[in-house]
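I am attaching a structure below and will ask some questions about it afterwards.
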């Protein structure tokens with residue numbers, strides 16, 4: 001069994017909880033449907049977004065350099081990081097040089113991907129995640145389980161317990177409003193004490209050198225505005241060529257992510273604030289490897305809306321932690337093997353290939369076809385699970401010969417009904433653990449067809 | 001019009017009635033049906049396992065067996081999509097030899113023969129939208145897409161008297177079969193299937209029908225294990241039965 005299948009099986013042991021998770025996430029998918037339906041031009045917008053991203057990726061180096069020139073002109077400092085380590089080192093150096101020991105952070109999946117928090121904390125810097133969901137999982141010492149709703153796997157009662165334990169709220173508190181207010185008061189102190197703010201980047205605009213950060217809580221704005229030092233970390237794929245392209249992406253992002261018309265805050269940053277410093281760290285970490293591959297390049301179009309997770313029938317029932325990576329779900333299963341193919345070889349198989357992710361994706365990434373392409377890539381490199389390779393070999397051998405195929409079918413149809421149930425439904429029969437096998441007919445279709453031909 | 005029947009391997013071996021119903025339906029609407037005996041499998045299980053080298057000989061066999069026919073029809077959206085959309089990586093340019101020739105049954109009735117089956121089937125029916133028919137062949141507008149709703153399968157069913165389609169909570173969620181996924185991710189697969197069945201039950205369906213017997217094999221396996229009363233019927237069986245009753 002793959003690691004995903006094992007963790008999914010565990011998650012499903014608590015059936016009511018898995019059903020609750022499925023329904024909670026499905027509810028977001030339905031909100032997305034309603035928001036998207038309000039725009040008659042939805043499919044056209046998806047087309048445009050996909051084409052803009054494909055174009056930007058086709059000249060990524062040029063646009064990145066244009067962005068750098070313009071950002072520097074606006075007074076920002078731009079840093080380049082080849083991988084997670086270099087990214088973490090750069091961020092730490094910026095903070096250490098200025099004696100920063102208290103950092104507030106808004107949501108950034110890139111820094112999760114690079115494991116920045118433990119890197120900084122082990123070097124004596126307090127890192128406080130200020131997005132409510134991120135703060136919840138940080139207090140619980142867990143990774144996020146969803147890229148837009150990091151604590152979607154937690155029930156409000158569990159958050160009440162956690163806050164009671166960590167923030168001293170009254171025991172048994174489970175009212176979302178009161179819990180949020182408690183978190184707000186706690187975070188306000190952290191904001192006021194912070195010496196630096198770190199944010200992610202949703203869109204970096206090549207022609208202006210500015211960038212946009214989307215949040216619903218305004219936490220990025222506080223973090224970037226109160227302390228003098230603002231560090232913004234972005235993957236190389238966040239580039240859009242022109243400011244007017246935002247009109248396409250901002251309309252798609254919030255509708256796809258949460259079913260809102262637009263995020264509560266879409267903040268534009270153009271250079272440092274007066275008297276402050278702005279550092280932009282641009283990270284590759286495996287992305288240019290994907291860029292070089294025709295079959296996987298499109299996965300870099302992702303704007304991290306999470307819609308593919310919300311629609312995925314596997315994600316909803318197995319929970320985000322079952323994927324064992326920062327970005328779970330269909331897009332995560334496409335991205336993870338590019339970083340470590342051997343470690344994440346099970347993920348491209350953790351999909352029924354239903355294709356719902358492909359049709360929900362606002363930038364039209366053909367996700368289920370990329371999962372299929374990854375399976376072929378893994379098999380080519382000898383990384384597909386062993387039993388799959390053996391099964392495919394055996395199946396291919398039998399099916400190549402019409403005679404062998406007919407004999408195998410005949411044997412199954414004649415033998416299975418004769419065998420004792422305990423043998424047919426032994427532990428080796430994974431199909432039969434929860435399901436019955438088909439009732440075996442006496443004759444195949446081809447035998448029936450031949451008989452039919454006779455008068 | 002001559003039509004070559006492409007019967008998925010597991011239908012040939014385990015669901016002969018589906019193949020017979022498909023032939024009957026095509027003949028009733030004026031096609032003359034042949035069954036090329038050398039066919040086995042389109043190669044999808046191997047391709048989905050990533051083993052393109054094991055799938056390729058089967059794609060080549062498919063070309064040898066079916067290449068000469070003008071129309072190839074299959075009672076499976078998934079196998080049809082394999083040949084139509086996924087032979088490229090296996091055969092390169094030769095994949096084009098089958099372009100415009102391979103059809104899923106409902107698509108063939110609707111688009112090529114342009115017929116509307118008549119008949120009578122008095123029951124509350126739940127239509128399970130098999131994913132590959134819906135999202136790879138575009139037999140209908142999936143719930144994700146913000147486009148005018150149209151559905152070739154429902155149009156075909158609309159000519160059947162007494163048939164009442166039930167309204168599902170989730171109109172086109174995957175049943176969880178997914179080929180080897182049903183084994184690899186057994187727990188999730190069964191959960192997805194049971195959730196689908198519950199949706200059909202809650203909507204009052206007496207029969208679940210679908211364009212792919214693989215989805216129904218999985219759902220029927222769960223229904224029988226749980227000793228439920230729901231009947232499953234492939235669309236070909238349902239339409240053939242309805243026509244025979246009329």
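We did not get these values from a lab; they are worked out from the coordinates using the rules stated. Treat the numbers as computed from the prediction; the structure is a model and nothing was measured. Glycine also receives a Cβ, built like all others from the backbone with ideal geometry; neighbour counts cover every protein chain displayed.
Sort A:164-176, A:360-372 by packing, meaning the average of other beta carbons within 10 Å per residue, with the highest value first.
Top of the packing list down: A:360-372, A:164-176.
Here is a further query. Could you rank the peptides A:398-405, B:76-83, B:106-113 by their average count of other C-beta atoms within 10 Å per residue, with the highest value first?
Listed from highest to lowest mean packing, they are B:76-83, B:106-113, A:398-405.
Working from Cα positions, state the angle (0 to 90°, nearest 10) between the long axis of helix A:3-13 and the longest principal axis of chain A.
90 degrees
How much length is gained on full extension from residue A:59 to residue A:243, taking 0.36 nm per residue of separation minus their Cα-Cα distance?
Working: separation 184, 0.36 × 184 = 66.24 nm, distance 1.69 nm.
Additional length available on full extension: 64.6 nm.
Taking only the alpha-carbon positions of the protein assembly as shown and ignoring solvent, what does the Debye formula give for the base-10 log of I(q)/I(0) at q = 0.05 Å⁻¹?
With no solvent term, the Cα-only Debye profile gives -0.27.
I've got another one for you. Per-residue Cβ counts within 10 Å, from other chains only, averaged over B:34-40: what number is that? Numbers along the way, then the final one.
Numbers: counts 1, 6, 0, 5, 2, 3, 10.
Whole-number average of other-chain Cβ neighbours for B:34-40 is 4.
Over the stretch B:120-169, calculate the relative contact order: mean separation of alpha carbon pairs under 8 Å at least 6 apart, over the residue count, as a percent.
It rounds to 56 percent for the stretch B:120-169.
Something else: Figure the gain on full extension for residue A:122 and residue A:443 (residue separation times 0.36 nm, minus the Cα-Cα span) and round it to one decimal in nm.
108.7 nm
A follow-up question, please. At q = 0.15 Å⁻¹, what base-10 log of I(q)/I(0) does the Debye formula yield for the stretch B:16-102 when every alpha carbon is treated as an equal point scatterer in vacuo?
-0.56
Once every Cα of the stretch A:322-421 carries one equal point scatterer and solvent is ignored, give the base-10 log of I(q)/I(0) from the Debye formula at q = 0.11, 0.16, 0.23 Å⁻¹, two decimals.
-0.49, -0.78, -1.10
Quick one: check the C-alpha center-to-center distance for the stretch B:24-47 versus the stretch A:155-178, whole angstrom.
61 Å
Just counting partner chain Cβ atoms within 10 Å, what average do the residues of peptide A:387-394 show around their Cβ?
6
Still on this structure: Would you mind giving the three semi-axes, in whole Å and largest first, of the ellipsoid equivalent to the stretch B:116-245 according to its Cα gyration tensor?
They are 23, 18, 13 Å, listed largest first.
If we count other beta carbons within 10 Å of each Cβ, what is the order of A:312, A:114, fewest first?
A:114, A:312
Which whole-number percentage describes the relative contact order of the stretch B:89-190, with Cα contacts under 8 Å and a sequence gap of 6 or more?
Working: 99 pairs, mean separation 30.2, N = 102.
The normalised contact order for the stretch B:89-190 reaches 30 percent.
To continue, here is another question. Write down the Kirkwood hydrodynamic radius of the stretch A:401-453, to one decimal in angstroms, obtained as one divided by the mean of 1/r over all alpha carbon pairs.
Kirkwood hydrodynamic radius for the stretch A:401-453: 12.6 Å.
By the gyration tensor of its Cα atoms, with a ≥ b ≥ c the square roots of the eigenvalues, what is the shape of the stretch B:95-173: rounded for a/c under 1.5, prolate for a/b over b/c, or oblate?
Oblate shape, in that a/c is at least 1.5 and b/c is the bigger or equal ratio.
Right, next: Classify chain B as rounded, prolate or oblate, taking a ≥ b ≥ c as the square roots of the eigenvalues of its Cα gyration tensor: rounded when a/c is under 1.5, otherwise prolate if a/b is larger than b/c and oblate if not. Spell out each step's value before the answer.
Values: a/c = 1.68, a/b = 1.21, b/c = 1.38.
Judged from the Cα gyration tensor, chain B comes out oblate (a/c at least 1.5, b/c at or above a/b).
Within a 10 angstrom radius of each residue's Cβ in B:102-113, how many Cβ atoms of other chains show up on average? Whole number is fine. Mind showing how you got there, number by number?
Details: counts 0, 0, 0, 0, 0, 0, 0, 0, 0, 0, 0, 0.
Taking all residues of B:102-113 together, the mean is 0.
Relative to the longest principal Cα axis of chain A, at what angle does helix A:329-339 sit, 0 to 90 degrees, rounded to 10?
Roughly 80 degrees between the two axes.
Rounded to the nearest 10 degrees, what's the angle between the helix A:367-380 long axis and the longest principal axis of chain A, both from Cα atoms, 0 to 90?
Orientation of helix A:367-380: about 70 degrees from the principal axis.
Relative to 2.2 N^0.38 Å, what does the C-alpha radius of gyration of the stretch B:1-147 come to as a ratio? Two decimals please. Write out the running numbers ahead of the final one.
On the way: Rg = 15.6 Å, N = 147, 2.2 N^0.38 = 14.7 Å.
Here the answer is 1.06, to two decimals.
Between residue A:416 and residue B:231, how high is the FRET efficiency from 1/(1 + (r/R0)^6) when r is the Cβ-Cβ distance and R₀ = 22 Å? Nearest 0.05.
My answer for the efficiency is 0.45.
Find how many whole Å separate the alpha carbon centroid of the stretch A:51-90 from the alpha carbon centroid of the stretch B:206-246.
Distance between centres, Cα-based: 55 Å.
Rank by packing, highest mean first: peptides A:277-283, A:20-26, B:19-25, with packing defined as the count of other Cβ atoms within 10 Å averaged across residues.
B:19-25, A:277-283, A:20-26
Suppose the chain between residue A:38 and residue A:424 were pulled fully straight at 0.36 nm per residue; how much longer would it get relative to their current alpha carbon spacing?
Answer, rounded to one decimal: 133.7 nm.
In percent, what relative contact order does chain A have, based on Cα pairs under 8 Å that are 6 or more apart in sequence?
Once normalised by length, the contact order is 20 percent.
Let me ask something else. Cα centroid distance between the stretch A:195-240 and the stretch A:269-298, in Å?
Each part reduced to its Cα centre gives a spacing of 11 Å.
Sorted from fewest to most neighbouring beta carbons within 10 Å, what does the list B:51, A:37, A:18 look like?
If I rank by nearby Cβ atoms, fewest first, I get A:37, A:18, B:51.
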